[in-house]
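Working notes, beginning with the structure itself.
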Amino acid sequence: MSLGKLIERLLQLVPVLLGVTLIVFVMMALTPGDPVQIMIGDQTITPEQEEALRRGLGLDRPIVERFFVFLGNAAQGDFGQSFYHRRPVADVISERLPATIELSLVALIVALVTAIPLGVLAAIRKNSIFDKLATVGSLLGVSLPGFWFGILLIMLFAVQWHILPVSGRIGYASEVPTITGFLLIDTLLHGNLPAFWDAVKHLILPAVTLGLPMTAILMRVTRTSMLEVLRQDYVTFADAKGLSRRRVLFRHALKNALIPTVSVAAIETGSLLGGNMIVETVFGWPGLGRLVVESIFLRNYPLVQAAVLLYAVIYVGLNFFADILYTILNPRVKL
Amino acid sequence: MSALLEVRGLRTVFHTRAGEVWAVDGVDVEVRRGECLGIVGESGSGKSVTFASVMGLVRSPGRVAEGQIVFEGRDLRALSAREMRAVRGKEIAMTMQDALTALNPALTVGEQIREALEAHDETLPARGQARRAAIRAKSVEMLGLVGIPSAESRLRQYPHEFSGGMRQRIMIAIALACRPKLLIADEPTTALDVTIQAQVLELITDIRARLGMSVVLITHDLGVVAEHCDRVMVMYAGQVVESGPTEDVIASPRHPYTRGLLASIPRPGLRGQPIKPIEGQVPDLIGMPPQCRFYSRCPLRRDACLAPVAMRPAGEGRSARCVLLDEVPA
């Protein structure tokens, strides 16, 4: 890919981000509830104190002005102070981000590792019992709501059978000093295998809950494209060459069948972001998703704005990444 | 010349929603060493399915139901899947109608030649640099054989980077990489421009002579058969209706269908005269009565045609499936 194309793509990001910021601003302004009132809670303060507080947060200015102030500051990398934490939003978010990335990556890996083999198997055993079970399973996978499925898993694996922990990222006894923020890496860096294992156990249920809809979708995509590819002349020709069945299936068929799967996977990874908010809330996972949900309830405007902006950047980035992957897998396409 | 491939009583059926379709219904084929056998027929006559059956490439819902497929004394139908893979590509190779769809778009041309060599070529060094070098040398040699210039650098390219004629040559190179004894060329020219068609056919004829292999040329073009084939077999609705030396069959066809085919070819000598198509349609193969299958379209049909019609001798090395041969001395 040429540098020109890259710059073009980056420039396309600008209107997207402006639009997202504007929508979030308007939505937050339209949402009933006043951050100042929420902060005051049951306390009694004078109207002067309340006014001072409001002025301190910049909420005395009209919304249009606030919008442009936010844009100006954001362009300089300043996303303001979190109302609730009284610290820079960027700091609060970057503390929580590794937990979310870790969970999402594990969910993605779980989805890819289960969906692709199952999809291939369903395709080569088309109409078998396995194929039919897989079809029903994937239908369930996309339709079961995450909050319900997550609670079901907690009930079974944590409450009923005591195999896995109920919530959180790691047990108190296993906590290790932060290095990267990724617990799977940090525990290993400290050479603390029991802590690593504890972190893995905490990851299993949320990762399965988060990855389930994606697994279901990717399995269907893989099955469909594999069936399509198996009908192609080049698969017959590969057979006519006397190649092993493994080579025909995996080198000739799967390489082509994965083109749509990988593209969908890259785009669906963006939808993990939305799923994170629910799954992190259900499993008490101290990540960005839960932070955003809490911040919406607290009307913590600056944090929500910055987080949504970050989601938009990640989403656009993933789409861009999907395009690049597509050209790598499919030699006929040039960006 | 002894027979390299002998097919007896082959029946291949497709189970469809509408019923069983006997796409190949009692076909006998003999391919002799070193010869070029032409298989002629319309779409749906069973010519491609016959040879897909020989290669063991008939897929569900199709199935080879009956018959013997004897290649160099071995019945291929009795072989295991693994043994059959050792025959495919090594002993019997196949090219397909359209190289654009037959070559894998996601793999380089080099890899697609290499994997054929790796699957079958036992003369290659076992491993390492020597093996890679030998494979490379053979790949370049094969591309050279089919007339692709600067083969060395083109091995790294993908099929879409070649022209249609070049792709056809590459497919032939892949098929011939392991020096098969029999090449089944399924409609090798149908997808090509006329000028390229002649080149590809010349190439096949030329390589056949050089490698001493047999070729089965599946086509619907009698002109191609006349020019390149020693013998010809005409198929209609899943059966062979006439076979014999090409010159004899073309000079004096014995089956009304062959006659009809010949009459429907435009010829420069008969300019201005209308060409005569065969009236009617190929019959539906589902629930076909056991009569002559050409009955409904035959200008010479009679009551005797309503009984099953077997192949009959029709002169030196010739046979045809027509009751008229009983009336007129052959």
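Every number here is computed from the coordinates shown, using simple stated rules; none is lab data. Predicted model, so just to flag it, every value in this text is computed and none were measured. Note: ideal-geometry Cβ built from the backbone for every residue, glycine included; neighbour counts use all protein chains shown.
Percentage of Cα-Cα pair distances in chain B greater than 31 Å, rounded to whole percent?
36 percent
Under a 5 Å amide H to amide H cut-off, with H placed in plane at 1.01 Å, what residues pair with residue B:233 once short-range neighbours are removed?
B:38, B:39, B:40
Using only Cα atoms, tell me the angle between helix A:3-30 and the longest principal axis of chain A; keep it within 0 to 90° and round to the nearest 10.
In chain A, helix A:3-30 runs at an angle near 50 degrees to the longest axis.
Compute the Kirkwood hydrodynamic radius of region A:21-75, taking the inverse of the mean of 1/r over all pairs of distinct Cα atoms, and give it in Å to one decimal.
12.5 Å
Report the FRET efficiency, 1/(1 + (r/R0)^6), for residue B:247 and residue B:18, where r is their Cβ-Cβ distance and R0 is 35 Å, rounded to 0.05.
Computed FRET efficiency for residue B:247 and residue B:18 comes out at 0.30.
Taking the Cα centre of the protein assembly as shown as origin and charging only Cβ (+1 Lys, Arg; -1 Asp, Glu), how large is the dipole, in debye to the nearest 20?
Value, rounded to 20: 1360 debye.
With r defined as the distance between the Cβ atoms of residue B:291 and residue A:271 and R0 fixed at 45 Å, what FRET efficiency is calculated, to the nearest 0.05?
0.10
If I take all pairs of Cα atoms in region B:274-330, what percentage of them are more than 17 Å from each other?
Here the long-distance tail beyond 17 Å is 47 percent of all Cα pairs in region B:274-330.
Do the sum for the protein assembly as shown: with -39,500 (n - 2.57) for every DSSP H run of n ≥ 4, divided by all residues, what is the mean residue ellipticity at 222 nm, to the nearest 500 deg cm²/dmol?
Using -39500 (n - 2.57) per qualifying helix, the result is -16500 deg cm²/dmol.
Which loop trypsin sites (Lys or Arg not before Pro) in region B:1-65, with loop taken from DSSP, have no more than 14 other Cβ atoms within 10 angstrom of their Cβ?
Details: sites: B:8, B:11, B:17, B:32, B:33, B:47, B:59, B:63; in loops: B:17, B:33, B:59.
Answer in residue order: B:17, B:59.
Please report, in debye to the nearest 20, how large the charge dipole of chain B is about its Cα centre when each Lys and Arg carries +1 at its beta carbon and each Asp and Glu carries -1 there. Intermediate values should be presented prior to the final figure.
Numbers: 41 positive and 38 negative charges, 113 e Å.
I would put it at about 540 debye.
Please sort by residue number the trypsin sites (Lys or Arg not before Pro) in region B:201-259 whose DSSP state is loop and whose Cβ has at most 15 other Cβ atoms within 10 Å.
The qualifying sites: there are none.
Could you let me know the centre-to-centre spacing of region B:206-225 and region A:186-217, using Cα atoms, in angstrom?
Their Cα centres are 62 Å away from one another.
For each pair in A:255/B:138; B:138/B:181; B:47/B:138; A:126/A:241; B:90/B:138, compute the distance between the two Cα atoms and list the pairs where it is over 22 Å.
The pairs that break the limit, which is 22 Å between Cα atoms, are A:255/B:138; B:47/B:138; A:126/A:241.
Given 0.36 nm per residue, what is the gain on full extension from residue A:201 to residue A:27 after removing their alpha carbon distance, in nm?
Full extension from residue A:201 to residue A:27 adds 58.8 nm.
Enumerate the whole-percent occupancy of each 5 Å bin, from 0 to the last occupied one, for all C-alpha pair distances of region A:96-329.
1, 7, 12, 15, 16, 15, 13, 10, 6, 4, 2, 1, 0, 0
Of all the stretches in chain B, which is the longest one without any exposed loop site, taking GluC sites (Glu not before Pro) in a DSSP loop (any state but H, G, I, E, B) with at most 12 other Cβ atoms within 10 Å?
Answer from the scan: B:123-278.
Can you tell me what the convex hull of the Cα atoms of region A:172-281 projects to on average, as an area in nm²? Kindly include the intermediate steps, with their values, before the conclusion.
Numbers: hull surface 38.8 nm².
Mean shadow area of the hull around the Cα atoms is 9.7 nm².
Kindly state, as a whole number, the per residue volume in cubic angstrom of the convex hull around the alpha carbon atoms of the protein assembly as shown.
244 Å³
What is the distance, in nm, between label points placed 7 Å from the Cα along the Cα-to-Cβ direction at residue A:172 and at residue B:63?
Roughly 6.8 nm, to one decimal.
So which trypsin sites (Lys or Arg not before Pro) in region B:71-134 are both in a DSSP loop and have at most 13 other Cβ atoms within 10 Å of their Cβ?
The qualifying sites are B:127.
Quickly work out the residue A:7-to-residue B:86 label distance, labels modelled 7 Å from Cα along the C-beta direction, and quote it in nm with one decimal.
6.2 nm
Starting from the Cα of residue A:250, step 7 Å along the direction of its Cβ; do the same at residue A:86; then give the gap between the two resulting points in nm.
Calculated label separation equals 6.0 nm.
Per the Debye formula with a single identical scatterer at each Cα and no solvent contribution, what log10 I(q)/I(0) holds for region B:186-316 at q = 0.09, 0.13, 0.14 Å⁻¹?
-0.33, -0.67, -0.77
Taking the alpha carbon gyration tensor of region A:113-167, what are the square roots of 5 times its eigenvalues, largest first, to the nearest whole Å?
Result for region A:113-167: semi-axes of 29, 12, 10 Å.
Starting from the alpha-carbon convex hull of region A:199-253, give the projected area averaged over all orientations, in nm².
5.1 nm²
For region B:1-69 and region B:75-93, compute the distance between their C-alpha centroids and round to whole Å.
16 Å
Would you be so kind as to identify which of B:298, B:228, B:309 lies farthest towards the positive end of the dipole of region B:217-330, taking Lys and Arg as +1 and Asp and Glu as -1 on Cβ and the Cα centre as origin?
B:298
Averaged over peptide A:224-234, how many Cβ atoms belonging to another chain are found within 10 Å of each residue's Cβ?
3
What net charge do the residues around residue A:296 carry, taking every other residue with its C-beta under 15 Å from that of residue A:296, with Lys and Arg at +1 and Asp and Glu at -1?
0
R0 = 30 Å: FRET efficiency of residue A:50 with residue A:97, Cβ-based, nearest 0.05?
On the way: r = 34 Å, r/R0 = 1.12.
That pair, residue A:50 with residue A:97, gives E of 0.35.
Express in % the proportion of alpha carbon pairs of region A:1-123 at distances exceeding 23 Å.
On the way: 4316 of 7503 pairs.
Looking at region A:1-123, the distances longer than 23 Å represent 58 percent of pairs.
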